[in-house]
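Everything on this sheet refers to the single structure shown next.
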Amino acid sequence: MSYITTKDGTQIYYKDWGTGQPVVFSHGWPLTADAWEAQMFFLASNGYRCIGHDRRGHGRSSQPWDGNHMDQYADDLAELFEKLDLKNVIMIGHSTGGGEVARYIGRHGTSRVAKAVLMGAVPPIMLKTEANPGGLPIEVFDGFRAAYLADRAQFFLDVASGPFFNFNRPGAKVSQGVIQSWYNQGMMSGHKNAYDCIKAFSETDFTEDLKKFDVPTLIIHGDDDQIVPIGASAMLSSKLVKNSILKIYPGGSHSLGDTAKEQLNKDLLEFIQS
């Protein structure tokens, strides 16, 4: 098992597959690097070095009481880049991980970054505010927190069985294995870490971070994403990131890495090679 230890003593687990130009994956809440395994296997098999880390408080990383916010997540990622001396990196982030990529670029720049991909990503900001009238009301996220505290295990099972993969849509091809994998990954997260992360992914404003992107960027989103609605996320981010490419998956779920795996793998490889 591979780990780095951050400046505050937190152990961050990472997997490192293949050789070549590095591709670094940032996962969604409340998951682990395992959520990216299909894409990591595909790209590593096509000549790239694929690195996926478990965010602090998630998966195999340690569970510190503090630091469960986007600035720290981005700083942890910067330490991983430095300790592995990664250069010319393709950054790929899903959901909360897309926020992590945005905040990394906002705080640390692109001296080590060649390209970026935001998939089903939370930026610019999920929360409804005066400046973001199309966002989701705070009551939605308060509901997440209440359900989480009432019965975390059942809440995770409900999310995985329904809106995360669009398994609640008529005619959906439901995979019990995919549901179980999501649930298992979620239950590995620290109780407080995953609780705090709800605030981090919903209330952090990435508007200024997105304006600092100066590398080729691909924004991918399903137009039936029930977790991060496309109108308040990808449609706005694509206007804030200069010269970005927006790719919409018709009927696509929040978790395109599972429900549109072959198409996503093809699109990622094409963008990386372009």
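The values are calculated or read from the model by the stated rules, or taken from the named source; none is laboratory data. Please read all numbers here as calculations on a predicted model, not as lab measurements. No Cβ is skipped: glycine too gets one built from the backbone with ideal geometry, and neighbour counts run over all protein chains shown.
Annotations
- Index of the failed condition, GLU262 passing every other in (1) crowded, with 16+ Cβ neighbours inside 10 Å; (2) over 18 Å from ILE105 (Cβ atoms); (3) modelled with pLDDT of 95 or more: (1)
- When ILE227, ILE198, ILE219 are screened for being within 24 Å of VAL101 (Cβ to Cβ) and in contact with a strand residue (DSSP E or B) (Cβ under 6 Å, 6 or more places away or on another chain), only ILE219 passes.
- Residue list for segment 22-81, restricted to those being among the hydroxyl-bearing types (Ser, Thr, Tyr) and touching a His at 6+ places or on another chain (Cβ under 9 Å): SER26, THR32, SER61
- Some residue of segment 112-127 being at pLDDT 95 or above, of a type in the set (Gly, Ala, Ser), out of contact with any Phe, Trp or Tyr (no Cβ under 6 Å at 6 or more places or on another chain) and more than 26 Å from ASP209 (Cα to Cα): no
- Candidates are the residues of segment 43-65 that are of a type in the set (D, E, K, R) and in contact (Cβ under 8 Å) with a residue 40 or more places away in the chain; the one that is surrounded by the most Cβ atoms within 10 Å (Cβ to Cβ) is ARG55.
For every residue, the table says whether it meets (1) outside any helix (DSSP H, G or I); (2) without any contact (Cβ under 8 Å) to a residue 40 or more places away in the chain; (3) of a type outside the set (Asp, Glu).
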{"site": "ALA200", "(1), (2), (3)": "no, no, yes"}
{"site": "ASP209", "(1), (2), (3)": "no, no, no"}
{"site": "ASP214", "(1), (2), (3)": "yes, no, no"}
{"site": "HIS221", "(1), (2), (3)": "yes, no, yes"}
{"site": "VAL228", "(1), (2), (3)": "yes, no, yes"}
{"site": "LYS239", "(1), (2), (3)": "no, yes, yes"}
{"site": "LYS247", "(1), (2), (3)": "yes, yes, yes"}
{"site": "HIS254", "(1), (2), (3)": "yes, no, yes"}
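- Residue match in segment 54-62 (condition: of a type outside the set (Ser, Thr, Tyr) and not in a loop (DSSP other than H, G, I, E, B)): no
- Test: residue in segment 177-185 that is farther than 22 Å from TYR13 by Cβ and loosely packed, with under 14 Cβ neighbours inside 10 Å: yes
- Per the listing ALA116, ALA160, the residue uniquely free of Cβ contacts under 8 Å to residues at least 60 places away in the same chain and touching a helix residue (DSSP H, G or I) at 6+ places or on another chain (Cβ under 8 Å) is ALA160.
- Any chance ASP75 is of a type in the set (Asp, Glu), touching a Gly at 6+ places or on another chain (Cβ under 8 Å) and more than 15 Å from ASN193 (Cβ to Cβ): no
- Qualifying residue in segment 25-35 (condition: over 27 Å from PHE206 (Cα atoms) and either in contact (Cβ under 8 Å) with a residue 24 or more places away in the chain or buried (at least 24 other Cβ atoms within 10 Å of the Cβ) (or both)): no
To keep it simple, each residue is scored yes or no on (1) assigned to a loop (DSSP other than H, G, I, E, B); (2) within 18 Å of the chain's Cα centre (by Cα); (3) within 30 Å of ASP267 (Cβ to Cβ).
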{"site": "TYR73", "(1), (2), (3)": "no, yes, yes"}
{"site": "ASP76", "(1), (2), (3)": "no, yes, yes"}
{"site": "ALA116", "(1), (2), (3)": "no, yes, yes"}
{"site": "THR129", "(1), (2), (3)": "yes, no, no"}
{"site": "ALA153", "(1), (2), (3)": "no, no, no"}
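- Any hit, segment 94-117, residues being closer than 18 Å to ILE4 by Cα and surrounded by fewer than 23 Cβ atoms within 10 Å (Cβ to Cβ): no
- In the set (1) within 12 Å of the chain's Cα centre (by Cα); (2) in a loop (DSSP other than H, G, I, E, B), GLU100 fails one condition alone, (2).
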